[in-house]
Amino acid sequence: MSMTDPLGDLLTRIRNGQRARKSSVVTPASGLRANVLDVLQREGYIRGFERYNVRAGIDEIRVDLKYLDGEPVIKEISRVSKPGRRVYSKIKDLPKVYNGLGISILSTPRGVMSDHEARQANVGGEVLCKVF
């Protein structure tokens, strides 16, 4: 069966893994997933991630989840732009997540970046997800 929303699947795996207090979760690899995970790592929401080859033509990504004093660092992670309803935002219309305490992850012409980086680069784009 084909997957219609690979990024939504990644976010759900992270959410479920943290609720189950797992140290890491495994997800199929793709370029978009790796770019989103890179933003999450730069912003300090995950420890890191590693892409590895399972067999010829099949790659997976292991995401190391991050906890602070036994509590997950990611309190809330949700998809904004979905396959049935894409959400785009100009940079001046981009809302702050929890008044700047959280981040939005955007897909811009300059690549996948957080809302802080997009404001500095002065570019808008598709709002992929929000993280707090």
Residue identified as aliphatic (A, V, I, L, M) and either crowded, with 19+ Cβ neighbours inside 10 Å or touching a helix residue (DSSP H, G or I) at 6+ places or on another chain (Cβ under 7 Å) (or both) among Val87, Val80, Val123: Val123
Would you confirm, using the coordinates I've provided, whether Ile61 is open to solvent by less than 70 Å² (accessible area, probe 1.4 Å), of a type outside the set (Asp, Glu) and assigned to a loop (DSSP other than H, G, I, E, B)? no
So which of Gly111, Gly100, Gly125 ends up being of a type in the set (Gly, Ala, Ser), over 23 Å from Ser30 (Cα atoms) and over 12 Å from the mean Cα position of the chain (by Cα)? Gly100
Assess whether Leu106 counts as being out of contact with any Gly (no Cβ under 7 Å at 6 or more places or on another chain) and within 17 Å of Cys129 (Cβ to Cβ). no
Could we say that Val112 is touching a strand residue (DSSP E or B) at 6+ places or on another chain (Cβ under 9 Å), part of a loop (DSSP other than H, G, I, E, B) and touching a residue at least 24 places away in the same chain (Cβ under 8 Å) here? no
Consider the stretch 34-51. How many of its residues are free of Cβ contacts under 8 Å to residues at least 24 places away in the same chain and either under 12 Å from Ser24 (Cβ atoms) or in a helix (DSSP H, G or I) (or both)? 5
With criteria (1) at pLDDT 95 or above; (2) under 19 Å from Gly125 (Cα atoms); (3) out of contact with any Ser or Thr (no Cβ under 9 Å at 6 or more places or on another chain), Glu76 comes up short on (2)
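In this structure, does Val54 turn out to be over 14 Å from Cys129 (Cβ atoms), part of a strand (DSSP E or B) and open to solvent by 60 Å² or more (accessible area, probe 1.4 Å)?
For Val54, the condition - over 14 Å from Cys129 (Cβ atoms), part of a strand (DSSP E or B) and open to solvent by 60 Å² or more (accessible area, probe 1.4 Å) - is met.
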Which numbered condition trips up Pro72, out of (1) over 14 Å from the mean Cα position of the chain (by Cα); (2) open to solvent by 40 Å² or more (accessible area, probe 1.4 Å)? (2)
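The values are calculated or read from the model by the stated rules, or taken from the named source; none is laboratory data. This one's a predicted model, so the numbers in the text were calculated from it and none came from an experiment. Cβ coordinates were reconstructed from backbone atoms using ideal geometry, including for glycine residues, and neighbour counts include every protein chain displayed. Just so you know, the surface numbers come from the protein's heavy atoms only, side chains and all, with ligands and any DNA or RNA stripped out. Shrake-Rupley method; radii C 1.70, N 1.55, O 1.52, S 1.80 Å.
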